[in-house]
Each structure stands twice: as C-alpha cells, then as structure tokens.
Amino acid sequence: MKIANKSFKGRKLISLALTAVFIFSSAASVLLTSCKKDDGKKIRPADYGSYGSDLARKIAADHPDRKPYSEGEKATGEFIKEEMTKLKFEPQVQTFTTKNGTSANYVVKIPGTGFYDEDSEGKVVTKHRIAIIGAHYDNLPPETKKVENTKTTSKKGAETTALEYSFDGISDNASGTACLLTAMKAFSEYPPFAYDVYFVAFGAGNDDYAGAREFYNSLTDEEKLRIDVMYCMESLYAGDKLYASSGYKSLNPQNRYKMRRKLYQAYDVCFANTLFTNYGFDLYYNESGVKADLNGDGTEDIYNEVSANKSDYLVFDEAGIPVVFFDSFEYNFTKMDEMKETKNLNLQNYGGMIRRTHDDSTTFLDSVLMEPDYDRDGDGEIDCSGDRLQIRINAVAFIIVEALLKGSDYGMTKVQYDEYLEKKAKESALATAVTATGSDISASAARKPASETTTETAEATTEETTSASATTTKKAAATTKKKTAATTKKKAAATTKKKK
C-alpha cells in the first residue's frame, strides 16, 4: 500500500466554515495592533519584530525609483544580495537581458531532506519536491501627475498642515520583498525541511514578469516536474484586507481542488495559530461571487478565490503549477469595475487604488494607516504595535514557512513518516497480543489429559443422573401422598354416612 497521497479533502469545508466565523469576527472588530504577552514562556507565532517592516521602509527610502533595468533597481538587487548573505545564505545572481535592458534575479536554493514514499517494488525511498517563494523587487513609478487635494494632509494637534510626500513603492513592492527576506530569516530558525525550497527575488517584474520567466526557464525539466507550489507576495500594505488567492488555472472544475489545496493549507495555518487573536490579522478569501470570464476562455467563471491582480505567480500558473498569491485589496463590491484596493476615505485620491500611483508612499501611507503603539497590560511598558506593515509582513512570512510543514501529495515528511511507523507498530503489537491470547486459551484446552476429560464427563453424568433420580423420587412421593389423603377422606365420609 502506498504511504503517499494522504487525503485532506475535508479541509476545504472546514476552512470555508472557519473563514465564515473569522470574517464575522473581523467585522465586529477593527483591531490593527499586535499584542505581545511578556510572560517569558513561549514565543508567539509570527513574532518577528520590526525586521521586515524596517527593511521595507529602507528599500523604499534608499531606492524610491526601482523601475525595471534602472540603476535604482540594480542598487536594490545588490542590497537584497547583501541581506541574504547576512542571513547566512549564498545567493546566486541570475543576470538576464531582454529587449528593454538587463536585470537580475537573486536566488537561494536550500535542499531538503525529501519525502518518504514507496516505489513500485514496495521499497521506501525519499522523493525531493520543490516549493518556490518569490517576489519582485522593482517598482513602476506613476506617469501621471500627482493629485493634490485636501485629503493629503496630516494633523499635528489642532493645526493642520499640508503633507509633503513622494512615491517610493512601499506597498508595491518593497513590502513583498521584505516579506521574502523575513520568510528566509524565519526559515533558518527551523530544523531542516522536507521540501527543497527556492527563494527568489525577481528583477523586472513590471516588464511582463521578465525575472520570473527567466527563472522558470532556467530550471531543468526534472526540476519543473518536482515543483509542488509557488508562493508570491505583492502590495501587502495599503489594501483594506489581506487576501490569499489561487491561480486562474484553478478555475477549471476538474483541477480546482488540486490547484487550490496549498491555498487551503495557508488558511489552515492562519486559523490554527491565533494570528487574529495575537495581532488582529485575518487572511481573507475573495468571495465576491461576481460572474465574469476571468481567464479568457469564453466561459463565465465565479469570481472566488482568485485575484484581480496579476503578478509573478502568473508564469507558474500558466505552467500548471499551484500558486498561492498574497496581496491586499477589497473585493466587497457587486461589480468587477468597482473593485479597488481600499475604501478608506483618506486614500481616495486615485479612486481607492494605490499601486503605481503617487499615494504608494511611505510618508503618506504611514500617516493614514499607522496606529500608535501602546501599553496593553498597564505595566508601564509599550508592548503592542500599531504598525500594519509590520503585522502583515510577519504574518504572511509565518504562514508561508509553516505551510511548508504541511507536506506534499507525493510522500510524507519525516515527522509524518515517524508517526506512520509508530501507528503501524502499535497496530502490529495489538494484533500480536490478540492472537497470542486466543492461542493461549485454545492451547490450555488442548493440553488437558484424556483421563481428566473422561472423569469430568463421568462426574457430570453422575450429577445429572442423581439429579434426575431425586426429581423422580420427589414426584413419586408427592403422588403417593395425594393418593393416601384421598383414600383417608373417602373412608371418613363412609363412616359418617353409616352412623347416620
């Protein structure tokens, strides 16, 4: 019997039910803070501090113009390489050239321990599967003029002053790049994973995902066949809600569960690790339900669990690889053309869209979205962060890394395999004990001498005969007693008659 392909089909229904509960809870609460319980007992999930948000703000501040093939993009790539090296990894620089210029991907490939499975002869072997985690680090500065109105203001006490800010792509995609590095940092703190994990910072993502295409094409045919999933992060900061979505290939009903299983595992991780309780973080499904031809095949699709936004994941989706795409948006509308990143009234300079607009600015977004840190337990220590950027980067990085522990359809992780062996050993021991007990009873009966059996039978027969004789004697005595009484009665009656 194969030990791979464990069934998790029930998880989708569970995830959907839990999603309804958590979405309802979210509507009742507008918490944007993360509360740190300083009891010294256990590190909370996704408790990565400000590492990721600091990186995002540094990238945006130092290299605000990172358009594909520019000097700013090149400098950002060098910064990413340096940061990967600080995390004790050795990045490969994958330089590529298109008709528009030269860029580079920064790749870290970490071999895993493999998954346990049985081959055609029943022999246990290890199979290596691949998980890819990627984000583009370039941006696309807006070509339109900056919109000026009274909504772009910040308050300082009672006095209101004009807010000076400029585009730097903090959301698209300094946030996704920082999340990639945060996931790498968290990854190094775990024991070896079963998956071979490829971390990739893509160059020229805004030129038809040129970096992602170059990376995918550089893989061998054997590597492409071993890819289980591609995780992609973009624009995590500005949108009202943080969504996870699958690719457009999952719209095919025949492939839906296969292509979305990794998506459901991401939700399982979020719900199982109390990210909402600890940080006010929720991971949403796109459940708009709008009907539209989403993949251009001439058939109307139900607009659920896929994103309105395309990114580097599209290259892998086109190749039939399951994807999980994290981005922030707002799908609570009844029409496709109404959908936008935010309903926040302070972020409507461009109709609620932030990507590739002047509002994708650290100064501006922080002024609107940043909540003050505060002392949750009243002990005089600030222990709660109101930084949405920090919360989202940390939560998404945690979800991705933890989701890798869920395993593969092509085998078991070491932990799963050890549990499998332990279960089989217990079943075998129980079966042996039951068999041994039954054999002992049969053997005990078989070992009795024939004389003992004959004696026991004779004794039983004697007991039965004696019992039968006693019964007969009792019946005879009762009959005699009755006859005697009747005779006496008749004689008495006759004597009385004569006297008369």
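For each of H358, H128, H63, H136, count neighbouring Cβ atoms within 10 Å of the residue's Cβ, then give the residues from fewest to most.
On the way: H358 21, H128 18, H63 24, H136 32.
By the 10 Å Cβ count, ascending: H128, H358, H63, H136.
Determine the alpha carbon to alpha carbon distance for each of K86/K258; K258/K310; K224/K406 and list only those over 27 Å. Before the final figure, lay out the partial values.
Values: K86/K258 37 Å; K258/K310 21 Å; K224/K406 21 Å.
Over 27 Å apart, Cα to Cα: K86/K258.
Out of the stretch 314-403, which chymotrypsin sites (Phe, Trp or Tyr not before Pro) are coil in DSSP terms and have no more than 15 other C-beta atoms within 10 Å?
Details: sites: F316, F325, F326, F329, Y331, F333, Y350, F364, Y374, F398; in loops: Y331, F333, Y350.
Sites meeting the loop and neighbour criteria: F333.
Laboratory data are not the source of any read-out in this text; all were calculated from the coordinates shown. Computed from a predicted structure; not experimentally measured. Methodologically, a virtual Cβ is constructed for each residue, glycine included, from the backbone with ideal geometry; neighbour enumeration extends over all protein chains shown.
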